[in-house]
Amino acid sequence: MTLAGRNVLLVGQSFHSARALTNKLQFWKFQYHFASNVRAATAFVSSRRIDLVLSHTNLPDGTASAVLAPLAHLPVTAFLCLPVENSCLWLPALDGGTKCLGLPALRPLEFARTLEEMARGLSTRTRASCSQFDALHAVGRDCA
């Protein structure tokens, strides 16, 4: 089973103009939805099943932790976007409801590969696991 066709929630104002990301999600057949702030995101997750959350760390009305708190112990995978100059780093935050904070951040290419693996079902689980994020860094994949 893959995440294709599953619900992805993009939390943060800049995701509305993130064409490269939304094009990839569309190509991989993810169903994606937008929420600009914590209030909209928490309302959305209370009304629908979400499989993957991609959120900015800082939001207009709070932080991503307020979005992630109600998702703990639910089968949700989440990454936090940390803006860095002209790009961002992706921090693994939840894997199937289990906290992953503290693992190494993924560079954009590493994150794209991880999403692709999730979409194509190359991993043994529906979602990427924390150990996969650890293994990804152990083999030294780098971003071009």
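All of the numbers you see were taken from the coordinates with simple rules; none came from a lab. Note that the structure is a prediction, hence the values are computed from the model and not measured. We place every Cβ from the backbone using ideal geometry, glycine too, and count neighbours over all the protein chains shown.
One compactness figure for region 7-138 is 0.95, namely its Cα radius of gyration divided by 2.2 N^0.38 Å. When H33, H56, H73 are arranged by Cβ crowding within 10 Å, least crowded first, meaning fewest neighbours, the order is H73, H33, H56. Ordering 92-99, 59-66 by mean Cβ neighbour count within 10 Å, with the highest value first, yields 92-99, 59-66.
For region 1-83, the equivalent ellipsoid built from the Cα gyration tensor has semi-axes of 19, 16, 10 Å, listed from largest to smallest.
Within region 7-138, antiparallel bridges make up roughly 45 percent of the DSSP beta bridges whose residues both belong there.
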